[in-house]
1. Nearest 20 debye, what's the magnitude of the dipole of the range 643-687 about its Cα centre given +1 on Lys and Arg Cβ and -1 on Asp and Glu Cβ?
2. Along the positive direction of the dipole of the chain (beta-carbon charges: Lys, Arg +1; Asp, Glu -1; about the Cα centre), which of Thr250, Ala285, Leu128 reaches farthest?
3. Just to confirm a number: summing +1 for Lys and Arg and -1 for Asp and Glu over residues other than Arg630 whose beta-carbon lies under 12 angstrom from that of Arg630, what do you get?
4. Pulled fully out, how much extra length does the chain show between Lys256 and Thr714, if you take 0.36 nm times their separation in residues and subtract their Cα-Cα distance?
5. Using only Cα atoms, what is the ratio of the radius of gyration of the range 301-340 to 2.2 N^0.38 Å?
6. To the nearest 20 debye, what is the magnitude of the charge dipole of the range 52-258 about its Cα centre, counting +1 on the Cβ of each Lys and Arg and -1 on the Cβ of each Asp and Glu?
7. Provide Rg and Dmax in Å for the range 136-233, with only Cα atoms included in the calculation.
8. In the chain, if the dipole is taken from +1 on Lys/Arg beta carbons and -1 on Asp/Glu beta carbons about the Cα centre, which of Gly735, Thr773, Ala61 is farthest to the positive end?
Amino acid sequence: MQSWTVALRSVARRPGFSLTVVALLALGIAANTALFSVIDTVLLKPLPYPNANRLVAVNEANSAKSQANSLIAPGRIEDWNRLNHAFTAISGAYSENVTDTSASEPERLTGLRVAPRYFDVFAAPALLGRTFQSTEEVDGGPHAAVISYGLWTRCYGQDPSVLAKSLTIGGDRFSIVGVMPKSFTSGKTDVWIPAQSSAFLMRQRDARFLSGVARMKSGITIAQAQSDLAAVQHSLGEQFPATDKHWSVTITDLKKARLGDSGGPLLLLFGAVALLLSITVTNVASLVLSQFDGRQREIAIRFSIGGRRPQIVGALLREIAWLAAFGAVLGWAGAALSMQAVAKFFANTPRIAELRLDWRALLFAAAVSALAALAFGLLPALRATSQQGASSLLRAGRGAAGRRRILQPVLVAGQMALTMTLLAGAGLLLRSFENLSRVDLGFQPDHALLFHVGARWDEDRGVVGRIQESLVADLNRIPGVTAAGITNFLPVSGATLRYPIVLEGAAATDDAARMPAGSRTVSAGYLQAIHANLLAGAWCPDLRLDWNSPLRAMVNRRFVEVYAPGNNVVGMRFRVPQFRSPAPTEIVGVINDIREDAVDAPAYPYIYNCARAGGWPDPEYVVRAQGDPRALLSTIRELVRRAAPGRAIFGVRALEEEIDATLDRPRASAEILALFALAAMTLAAIGLYSLIAHFVNSRRQEIGVRMALGASPTQIVASLLRNAGCLIAAGIVLGAGLTIAAQRLLHSMLYGVSALDAVSLVVAAALLALVSTVAALLPARRAAAIDPMESMRAD
């Protein structure tokens, strides 16, 4: 303990050096620990349910109809539960926003309607109360609701007596029977309600709208479960050939299904933070190396009085251990303080609601600090003690700092290489984001306002239809409004609905003649409200509550190019075999392509079905104004109150903001990587500056002699810049190599730019070379100002 106390006193005697090292380490460890917690929560930890490895996502599939994955009909889920041998429970759910009118003001809640056995699949008990009983899950059963931890906290202040309360939804009272734990959901769901599918709906085997989840039996693999359920579905295909033939199933690990493509960006950011920590460690190593060089007399005295090299190295490493420990503690504290900001930054990432700093993050911080201590402490300590014996005292006093130096230039070159990698990666992501932001969407999102009006799918469609018809007509009469309408899904929303269609003249039973097309349901005024371009024909007719009106639709340019090239499709008719509608739909117009699926998705054949009032109960209302559409919000609220008394208006936002939000992930990835790259470049420049400054200080006498012998200041500066240039060039070459090696990871995150984009590499190299040259020039100019006589007398 005494030796550790001596080491701590040694650290305290050098406050400037010690505080700098601790601060650099703390920043690096905090960033790495915080991001590790995100990676650990999202990618590494199992889902927060008992035996989570047995949970899977289940979908129907029919490759013959261009539907690799499809939702599930409720009746089929019951068949699967009855006939399978691989699952303990199969269930499903669908999203449905509901309006609770139990309080003085209506509140819109994000809801899930769940099939029987939904909570049995997850095997997660309620935090308070219970989950649904079997009698509550069937048609005609008691109305019950389970609420989320978030809703319990937000609206009920975590009051345990909430189980005596109820929600009022659609005029019906739903008793609150339970509260789920915080970790059960991502935070987007407020309430779970039994679907209570009617006997009629259970017979509609084409009514596919449930997202399936299931729990496999112990010892069953996904492959075995897939084979078992596929055999069940094959037998159902023989029993119900009209609806089940050719259909099969796909089974995916539930964790993998929920994560989707979130892993790539997270790993990229974690890699960037790890590189930044590596640069920080190399910078600290340079500082430690310089500091140990300045202590050569002290080290030589230790040798002279009988100290052995392992003892002296141990004494120096104990000082390093103190520095690393302080850095780890401050880094851990910084990570803990940043958790709220980190959760907000990754708000749209799956499972982020589970984020917390636990023992795994603490262990990670400890491991990182230990490795960092070895990385920046061991080599400098070994190098500083490389001269043994009493004679080292004389060498320490005369020019010990002028010995050959290899380690410090290697560290600086390594910093340059890692910085080059970060700069190139940031440049690629920034160019990719710029390309995404400049994509021609096929419409103009400015001056358009969006909102919803509360409506349920199971309420009287005539009532809902009259509200929609009246409200859209009133919206179009507001002064300053140029167009208003409704749609079931907005552009670039990711709602990739696909249905096989048959153009008139083709055999409806011929699978080869069934052409997949995307689908949207729109009213008159919607496409005008987003400034879509009409290429041929006419817009949809006005929205009317008329179930006997002819079916009409518009199509996009891509539809014509793929399915009717060179033909005038206006007036042509098509059918959707899946819907078994006896009447065909007439194409009345053609519009330009709109990016419906995603900003970076290519144009796809789309059909825009002209809406009938009430056909889609909960649409997006879109209003386009001549000026700022938010100025009309009070008028719109008043119209909604008149047309739909007691119904909540919610989801109010600008279309421009909605579209811009789809770029949040690529924008955030580019910005944070650029931030890391700039920080890395600053550290690398400081490292190069320190190296040149240390070189100048240790060779003042040599520089003075050269100047006394006739070397000009320009020659001195040029000589130092050549040395720095070699390090910069080596770092750029190595960094370019690392960037090329990482192209596979970067490729999936880029749009409109190659992972080997020469412009990004050249700009990154030029920026790094410029900043580094300036950093090297400052101490080089001081070297040129050395007085030869003073430098020689200084010895």
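1. For the range 643-687, the charge dipole is close to 140 debye.
2. Selected residue: Ala285.
3. Value of the local net charge: -1.
4. Full extension from Lys256 to Thr714 adds 158.7 nm.
5. 1.86
6. Computed about the Cα centre, the dipole is about 520 debye.
7. For the range 136-233, the Cα-based Rg and Dmax read 17.5, 49 Å.
8. So the residue we want is Thr773.
No value in this document is a laboratory result; all are computed from the given coordinates. Since the structure is predicted, the reported quantities are computational estimates derived from the model, not experimental observations. Positions of Cβ are generated from backbone atoms using ideal geometry, with glycine treated the same way; all protein chains shown enter the neighbour counts.
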